[in-house]
Amino acid sequence: MTLPWLPPSHAAEGHLVDETLLLVHLLIATIVIGWAIYYVIMLVTGQSKPSRVSGGAIPPESRSSIPIQIPWILVGVVALAEATLFIGKELPTWAKLRVVPPESAEVVHVRVVAEQYAWNVHYPGADGTFGRTAIDLVTQLNPVGLDTLDRASRDDILTINQLHLPVGRPAIIELSSKDVIHAFFLPVMRVKQDVIPGHRARVWFTPIVEDTTDIACAQLCGLGHYRMKGQLIIENEKAWQAWLTETR
């Protein structure tokens, strides 16, 4: 199910994130309501009655009828519920989404290099092998530093702010940054990953809906952050292959 305050999920794994968010919100709501009820009961039953004893002693009739152990019982119940949710749902979901599928003919592997203020997309081409890249080869016309003398790079494809993927096939996105910290955010795929200079991160998802949606940067990366937006184009296999052929 898709939560009403979230955009629709277009990934096969999206329901895992939505279910986890729903359970977390339900637990938080239960805790807040439960403690609120307890506080109201304490306010009502714990009001002091007129004291007939001098010297500051509190007579038995003015004490709360709520046992002092109840708050500790509530704390224990909350801790147990949170631990159960973490072990039973959150940890398995995290593990499933972090374990990248093994390389195969079905998996689409793409590199995305972030910079102020664009997403540079690098496809390996028909041979399935990424060409060599080097920092000293980076120019305005060669944003990923692709070595054109490398045989493997001759059929590689480079695009800016456009990520084309086929529907129904797992996609592995390898992320890196040329300058500052960015955040690769695909709301409909339930994917958000910080992109840190000097570090390569991987995310993966399986698109299940043909659509064109936004690629957003979810990290304030400079004065031009507002215009760092790309397009994620999910299309059928035939259209995707035709695009690859046309772009080479």
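Only the coordinates and a few stated rules stand behind these numbers; no lab work does. Here the structure is a predicted model, which means the values were calculated and not measured. Please note: Cβ atoms are built from the backbone with ideal geometry, for glycine as well, and neighbour counts cover all protein chains shown.
Okay, here's what the table says:
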{"item": "Net length gained if the chain between THR139 and VAL75 were fully extended (0.36 nm per residue, minus Cα distance)", "result": "17.2 nm"}
{"item": "Charge dipole of the stretch 108-247 about the Cα centre (unit charges at C-beta), most positive-ward option of ALA171, ILE181, PHE130", "result": "ILE181"}
{"item": "Sorted by Cβ neighbour density within 10 Å, fewest at the top, the residues ARG154, ARG98", "result": "ARG98, ARG154"}
{"item": "Nearest-20 debye value, the chain charge dipole, Cβ charges on Lys, Arg, Asp, Glu", "result": "960"}
{"item": "Lysine pairs meeting the criterion (Cα under 27 Å, 8 or more apart or interchain), as found in the chain", "result": "6"}
{"item": "Ranked HIS15, HIS109, criterion: other C-beta atoms within 10 Å, fewest first", "result": "HIS15, HIS109"}
{"item": "Tensor-based shape of the stretch 178-248 (alpha-carbon gyration tensor, a/c under 1.5 rounded, otherwise prolate or oblate)", "result": "prolate"}
{"item": "DSSP H segments from the chain that extend 18 Å or more along their own axis, Cα-based, with Kyte-Doolittle mean of -1.0 or above", "result": "14-45, 69-85"}
{"item": "The stretch 108-247, dipole about Cα centre (Lys/Arg Cβ +1, Asp/Glu Cβ -1), debye to the nearest 20", "result": "300"}
{"item": "Amide H contacts under 5 Å for GLN219, placed H, 5+ residues apart", "result": "ALA183"}
{"item": "Anisotropy class of the stretch 108-247 from Cα gyration tensor, a/c 1.5 cut", "result": "oblate"}
{"item": "Hz values of 3J(HN,Hα) by residue in the stretch 210-215 - Karplus curve (6.51, -1.76, 1.60), Gly and Pro given as x", "result": "7, 6, 10, 10, 8, 9"}
{"item": "Inter-centroid distance (Cα atoms) of the stretch 201-248 relative to the stretch 83-131, Å", "result": "13"}
{"item": "Computed [θ] at 222 nm, deg cm²/dmol, the chain (DSSP H ≥ 4; -39,500 (n - 2.57); rounded to nearest 500)", "result": "-9000 deg cm²/dmol"}
{"item": "Likely footprinting exposure, ILE73, ILE215, fewest C-beta neighbours within 10 Å first", "result": "ILE73, ILE215"}
